[in-house]
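Below is one structure; the comments refer to it alone.
The values are calculated or read from the model by the stated rules, or taken from the named source; none is laboratory data. Since we're looking at a predicted model, the values are computed, not measured. Heads up, the Cβs are rebuilt from the backbone with ideal geometry, glycines too, and the neighbour counts pull from every protein chain shown. Just so you know, the surface numbers come from the protein's heavy atoms only, side chains and all, with ligands and any DNA or RNA stripped out. Shrake-Rupley method; radii C 1.70, N 1.55, O 1.52, S 1.80 Å.
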Amino acid sequence: MLPVALLLFFLPPYIRIFDQDGLISGLPPLLVYIFGLWALGILASALLGRGLVRAEMNQALESGSEMEGREPPEQPHASERET
């Protein structure tokens, strides 16, 4: 959903808003807009990913407490793992 939302901001109506003469800190506004969206997309992805990992870890911990007394599944030996 995030990539689609960000893609909408790259459509011509939004791009035309920043396609102007002038400079922002010595850079054209369109360049600042494009790279700003790119950076915000990376930041949003990282924050959402972090939240999803935390939610998954919490869920695993909650379900793990119900499984007390059971042995963990066997892990293959390092020489048996596929590379």
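Restricting attention to the range 28-52, which residues are more than 17 Å from residue 4 (Cβ to Cβ) and in contact with a Phe, Trp or Tyr (Cβ under 8 Å, 6 or more places away or on another chain)? Correct list: 29, 30, 32, 33, 34.
Scanning the range 19-47 for residues that are hydrophobic (A, V, I, L, M, F, W, C) and modelled with pLDDT under 90 yields one hit, 24. If the Cβ limit is 7 Å and pairs must be 6+ apart or interchain, which residue in the range 17-43 that is open to solvent by less than 80 Å² (accessible area, probe 1.4 Å) pairs with which residue that is small (Gly, Ala, Ser)? Sorted first by the residue in the range 17-43, then by its partner, the pairs are 29/22.
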